[in-house]
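A short write-up of the structure that comes next.
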Amino acid sequence: MINVIIADHQAIFRAGVAKVLAVEDDLRIVSQPQNSEQMLNALERFRTHVLLISTFFLPEFPEIQAITARNSVAMLVLAENGDEASAFVAMGVQGVVYRSINGSSIVEAVRRLARGEAFVHTPNSNVTEISEDLVGLRVRDRLSEKELRIIAAVVRGCKNRDIASQLYTTEQVVKNALRGIFDKIGVSDRLELALFVLHHRMLAHATAAVHLESETPQPQRMVIDRSVARAFPTQ
């Protein structure tokens, strides 16, 4: 059994990944921490094989790396759109995936790391896989630009009031738009929507490419020295 910790500050994405991994017979989610204290406690408390960790937690990277090395835990970084995988690899992590990754690929990444292998997800490298996502393609083509922005915001954990502020509209308009999105896609709530995006690479790429006005540089993000990696853009 492969024990996995999912550490991500975005609750909707954390829950979506957990749903994808939990259905696999050989994978078990032992903790889903949303802040650094919970994550460090989970690493010390649970026997863990793979730590899936978002870049939100990188300010604590030296402490995290010390614990994972001591306990033989492989680290799989969940990178943001625009981050360069080479920067994380230079830091010594075993794997890198992006939020546009689909469900089957993230399962493969966890299994590879548990076997002691490396895994680096390149978002735009697999054109064949993207083109074969006919369901995702059809759904994307049915969605308006506004609806894609709303989906992107939901996947990134935004509340209705935050989405309304970004779109310069009201919460009621956002609620009505979400009901329309649910009907178009065939889901019933925000979590099912996030899972659908996670399972369909074409839609995942479309939403990952959306820039939200609330996405400002995060001062707590660790900036990699350019002598170690040529680029590590903060968002």
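The values are calculated or read from the model by the stated rules, or taken from the named source; none is laboratory data. Since this is a predicted model, take the numbers as computed values, not measurements. All Cβ positions, glycine included, derive from the backbone under ideal geometry; neighbour counts span all protein chains shown.
Tabulated data
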{"item": "Residue, modelled with the highest pLDDT, within the stretch 158-172, restricted to residues that are within 22 Å of the chain's Cα centre (by Cα) and part of a loop (DSSP other than H, G, I, E, B)", "result": "LYS159"}
{"item": "Residue count, the stretch 181-218 (criterion: assigned to a loop (DSSP other than H, G, I, E, B), in contact with a helix residue (DSSP H, G or I) (Cβ under 7 Å, 6 or more places away or on another chain) and modelled with pLDDT under 85)", "result": "5"}
{"item": "Those residues of the stretch 11-40 which are touching a strand residue (DSSP E or B) at 6+ places or on another chain (Cβ under 7 Å) and outside any strand (DSSP E or B), in sequence order", "result": "ARG14, VAL17, ALA18, LEU21, ALA22, ASP26, GLN32, PRO33, MET39"}
{"item": "Only one of LEU51, LEU43 that is more than 18 Å from the chain's Cα centre (by Cα), crowded, with 19+ Cβ neighbours inside 10 Å and outside any loop (DSSP other than H, G, I, E, B)", "result": "LEU43"}
{"item": "So ILE29, is it at pLDDT 95 or above and on the phi < 0 side of the Ramachandran plot", "result": "yes"}
